[in-house]
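Worksheet: one structure, shown below.
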Amino acid sequence: MWRAIGLVLMPSLLPGLMSGLAAADSLVAARSIPAQTVIAPEDVMLVSAEIPGALSAVEPALGLETRVAIYPGRPVRLGDIGPPALVERNARVALVYRSAGLTIRAEGRALQRAAAGEMVRAMNLSSKTTVTGLVAPDGTILVGGPP
């Protein structure tokens, strides 16, 4: 016997009641997807279930990178994925400072991973100073002044 809000629902009546409701699709992992993996079509699948917070289509997730490990059957949420990192931790990077027509370039070392458009900390290898800058689409880190 099924109970819902004080009403008794017979199991034989459920298919008729549920037919009027549209089932939403949710995106789940088809296999274990380690953190820092770029999502491919074979990594995910749609299931006929409405899972709170899960993406509802495959296309928005393709080409993005997992921020955390996602296990088979678990939902793929927007906060679990993001653009692929262009800058790896400890990688040598170009630091660029621009202000009023002046451009200064220096070599640095990234102190964390980051994607284009994200803020990242890096150490200037000449002065050993830690700076924070914006990762440009080419992987350059823009520090200080307008980009």
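Would you tally the residues in the range 89-121 being in a loop (DSSP other than H, G, I, E, B), in contact with a Lys or Arg (Cβ under 6 Å, 6 or more places away or on another chain) and surrounded by 14 or more Cβ atoms within 10 Å (Cβ to Cβ)?
Residues that pass the stated criteria total 3.
Quick check, is Glu50 surrounded by 13 or more Cβ atoms within 10 Å (Cβ to Cβ), among the acidic types (Asp, Glu) and either under 17 Å from Asp138 (Cα atoms) or touching a residue at least 40 places away in the same chain (Cβ under 8 Å) (or both)?
Values: surrounded by 13 or more Cβ atoms within 10 Å (Cβ to Cβ): yes; among the acidic types (Asp, Glu): yes; either under 17 Å from Asp138 (Cα atoms) or touching a residue at least 40 places away in the same chain (Cβ under 8 Å) (or both): no.
Criteria not met by Glu50.
Based on this model, can you work out whether Gly139 counts as out of contact with any helix residue (DSSP H, G or I) (no Cβ under 7 Å at 6 or more places or on another chain), open to solvent by less than 40 Å² (accessible area, probe 1.4 Å) and in a loop (DSSP other than H, G, I, E, B)?
On the way: out of contact with any helix residue (DSSP H, G or I) (no Cβ under 7 Å at 6 or more places or on another chain): yes; open to solvent by less than 40 Å² (accessible area, probe 1.4 Å): yes; in a loop (DSSP other than H, G, I, E, B): yes.
Yes: the conditions hold for Gly139.
The values are calculated or read from the model by the stated rules, or taken from the named source; none is laboratory data. Since we're looking at a predicted model, the values are computed, not measured. Cβ atoms come from the backbone with ideal geometry, glycine included; neighbour counts cover every protein chain shown. The accessibility values were calculated without ligands, DNA or RNA, using every heavy atom of the protein model including side chains. Shrake-Rupley method; radii C 1.70, N 1.55, O 1.52, S 1.80 Å.
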